[in-house]
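Peer 1: My questions all concern the structure below.
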Amino acid sequence: MPSKQQQADSEIHEDQLLNFLVNRLDEEVSLNLANNAETDAKDIYEVLVGATADGTSISTLCNSSEDSPSANTVLYHLRTKFEPERLEQVANTLLRRDIV
């Protein structure tokens, strides 16, 4: 009979899922931020995925988290460099591929 520790290790944890989603987005969708930008694409994706998972807004998540960039920074990059249609295509492709 497996121990409780082994059973717990086979579960998917929230932080593991967050990291998986952020890494997949970063691989598939480029935000093309400047090399000297205060934040990087992964920071923005963490906020985006976190807000989606929490069912909250980017502003609410950024204001309640000490580790996230400012909401204005995230929203600026999403508005100016983000292609929602491309993300939808990538998300659908990843979901189909990972589900199969």
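The values are calculated or read from the model by the stated rules, or taken from the named source; none is laboratory data. What you see is a predicted model, and the numbers here were worked out from it, not measured in a lab. Note: ideal-geometry Cβ built from the backbone for every residue, glycine included; neighbour counts use all protein chains shown. Note: areas computed on protein heavy atoms with side chains; ligands, DNA, RNA excluded. Shrake-Rupley method; radii C 1.70, N 1.55, O 1.52, S 1.80 Å.
Peer 1: Failed condition for Y76, given (1) within 16 Å of the chain's Cα centre (by Cα); (2) under 16 Å from D43 (Cβ atoms), with all others met?
Peer 2: (1)
Peer 1: Six or more apart or on different chains, Cβ atoms under 7 Å: show the pairs whose first residue is in the stretch 80-92 and closer than 13 Å to E27 by Cα and whose second is part of a helix (DSSP H, G or I).
Peer 2: As it stands, the answer is V90/E28, since those pairs meet every condition given.
Peer 1: Can you name every residue in the stretch 64-73 that is more than 15 Å from the chain's Cα centre (by Cα) and either surrounded by 12 or more Cβ atoms within 10 Å (Cβ to Cβ) or modelled with pLDDT under 90 (or both)? I'd like the intermediate steps shown before the answer.
Peer 2: First, the residues of the stretch 64-73 that are more than 15 Å from the chain's Cα centre (by Cα): 64, 66, 70, 72-73.
Within the stretch 64-73, E66, S70, T73 meet the criteria.
Peer 1: In addition: Can you name the residue in the stretch 6-46 that is outside any loop (DSSP other than H, G, I, E, B), of a type in the set (A, V, I, L, M, F, W, C) and open to solvent by 80 Å² or more (accessible area, probe 1.4 Å) and is also modelled with the lowest pLDDT among such residues?
Peer 2: Filtering first and then ranking leaves L17.
Peer 1: Can I ask one more? Can you name the condition, by its number, that E38 falls short on among (1) within 20 Å of L18 (Cβ to Cβ); (2) in contact (Cβ under 8 Å) with a residue 24 or more places away in the chain?
Peer 2: (1)
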